[in-house]
Amino acid sequence: CTPDVRVLVVGERTEIGFYRDITRNVGVHEYLHKPLTRDTVARLFAPLIQGGGDGGLDRGGQVTVVCGVHGGVGATTLAVNLALQLEDVTRGHVALLDLHLRGGTAAMMLGARVTSGLRVALEEPERVDSLFLDRVAVPISERVRLIAAEEPMEADVRPTEEGARRVIEMLRQRFNHVVIDLPLPPGPVERMVLQRARHVVLVLAPDVASIRDTVSVKKLVSMTGSAGRVITVLNGMGRKGYLPTKLIAEGIGAMPEVVIPDLPRQLPRAANLALKAIIGIGGY
């Protein structure tokens with residue numbers, strides 16, 4: 001079920017252990033055993049049906065932000081493949097949100113045609129309604145939807161914090177996972193997005209610039225107040241003429257948590273032909 005679905009169960013079993021198991025481990029919101037009475041149904045089911053009874057808990061999908069510490073390190077490629085892999089592994093509903101409004105390549109990689117709907121939603125949040133996803137989200141597979149824009153370079157794009165907040169919250173209510181391809185350096189909108197992330201995936205290349213920028217971006221993420229876990233991904237390990245993993249680890253102060261080997265043939269070909277070239281990302 002998507003995160004906005006509430007599951008209420010009626011059954012025959014009366015053991016407290018069974019109740020705890022299905023409400024804590026399975027995701028059922030409430031369970032009632034027979035015989036039912038009008039009072040118990042009204043007291044335990046009615047608040048959930050009417051929109052209350054969550055006790056202030058955050059019930060939305062998980063937000064994972066993917067950003068390159070500088071351009072050209074493969075962050076968009078990683079974000080696209082992460083969304084596809086999450087669908088395959090979790091069988092959940094996944095939204096891929098590309099916030100590169102000008103020059104974004106997620107749609108190109110997936111062979112998708114997008115509209116200007118995302119730009120409108122970010123600039124004019126009052127126009128975001130319940131039909132927003134139906135108009136803007138592009139089906140990529142059975143459970144993956146792409147939300148992106150391809151604005152011309154000369155476009156004066158002015159996204160707002162409120163617009164980004166509304167888009168993300170709407171996606172979280174409809175999808176189990178929201179993967180965001182986030183541009184850097186961050187402005188107010190990007191900082192707000194980082195604050196809402198459960199995971200922040202920093203993609204770096206095996207070069208000196210990546211060492212410098214990874215240290216800076218990790219510091220920046222902590223300054224935003226984000227409670228999300230930072231995951232460093234070394235992309236292109238083994239590339240000729242670049243730094244070995246040991247030197248990268250010394251430079252950033254720890255071993256990268258995920259290492260992706262250099263794939264000089266597969267990935268460029270897949271990107272140019274708009275193919276879904278799944279790459280492994282370790283134990284993420």
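We did not get these values from a lab; they are worked out from the coordinates using the rules stated. Predicted model, so just to flag it, every value in this text is computed and none were measured. Positions of Cβ are generated from backbone atoms using ideal geometry, with glycine treated the same way; all protein chains shown enter the neighbour counts.
So for the chain, taking the charge dipole from beta-carbon charges (+1 Lys/Arg, -1 Asp/Glu), which of VAL230, ALA254, VAL208 sits furthest toward the positive end? The one lying farthest along the dipole's positive direction is ALA254. For the chain, taking Cα atoms only, Rg and Dmax work out to 21.4, 74 Å respectively.
Computed over the chain with a Gaussian network model linking Cα atoms closer than 10 Å, the most mobile of SER216, SER130, SER226 is SER130.
For MET237, nonlocal amide neighbours, meaning residues 5 or more places apart or on other chains whose placed amide H falls under 5 Å from its own, are ILE260, ASP262.
Helix content alone sets the calculated 222 nm mean residue ellipticity of the chain: runs of n ≥ 4 DSSP H residues at -39500 (n - 2.57) each, divided across all residues, give -10000 deg cm²/dmol. Taking amide H positions as modeled 1.01 Å from N, with prolines and chain starts lacking one, the residues under 5 Å from ILE180 and 5 or more places away or on another chain are THR64, VAL65, VAL66, LEU97. When +1 charges are put on Lys and Arg Cβ atoms and -1 charges on Asp and Glu Cβ atoms, the dipole computed for the chain relative to its Cα centre reaches about 540 debye. Looking at the chain as a GNM with Cα springs under 10 Å, which of VAL65, VAL203, VAL221 has the largest mean-square fluctuation? Among VAL65, VAL203, VAL221, the largest GNM mean-square fluctuation belongs to VAL221. Loop-resident GluC sites (Glu not before Pro) (DSSP state other than H, G, I, E or B) in the stretch 129-188 with no more than 13 further Cβ atoms inside 10 Å of their Cβ: GLU142, GLU154. Each residue of the stretch 36-42 was assigned a 3J(HN,Hα) from its phi angle through the Karplus curve 6.51 cos²θ - 1.76 cosθ + 1.60 (θ = phi - 60°); the sequence is 8, 10, 4, 5, 5, 5, 5 Hz, with glycine and proline shown as x.
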